[in-house]
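To start, the structure under review is shown below, and the notes come after it.
The values are calculated or read from the model by the stated rules, or taken from the named source; none is laboratory data. Source: prediction; values computed, not measured. All Cβ positions, even for glycine, are placed from backbone atoms using ideal geometry, and neighbour counts span all protein chains on display. When the accessible area is computed, the model is the full protein with side chains, heavy atoms only, and any ligands, DNA or RNA have been set aside. Shrake-Rupley method; radii C 1.70, N 1.55, O 1.52, S 1.80 Å.
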Amino acid sequence: MPFEKPGRHRRVLLSDLLEYRARSRAERQGRLDELTAEANRDGSDDIVDGFIQTR
């Protein structure tokens, strides 16, 4: 991601940051969709009956 560094801190354009965020979210959602599809195919989604409280 392009940036400027006029002093100690990097400055990025908001448009670049928003583009990165959208691309990152889409990639993450795609991976989650793949995992969900795989769980549906192999039946591992049937193992859990509901919400598992961890705390």
Working only within the stretch 31-53, note down all residues that are at pLDDT below 85 and in contact with a helix residue (DSSP H, G or I) (Cβ under 7 Å, 6 or more places away or on another chain). D45
Can you name every residue in the stretch 15-48 that is of a type in the set (V, I, T) and closer than 30 Å to F3 by Cα? none
Going through the stretch 28-41 in order, the residues found to be open to solvent by less than 100 Å² (accessible area, probe 1.4 Å), of a type outside the set (S, T, N, Q) and out of contact with any Asp or Glu (no Cβ under 7 Å at 6 or more places or on another chain) are G30, L32, D33, A37, E38
Filter the stretch 2-25 down to the residues that are surrounded by 10 or more Cβ atoms within 10 Å (Cβ to Cβ), hydrophobic (A, V, I, L, M, F, W, C) and either in a helix (DSSP H, G or I) or touching a residue at least 40 places away in the same chain (Cβ under 8 Å) (or both) and list them by number. L17, L18, A22
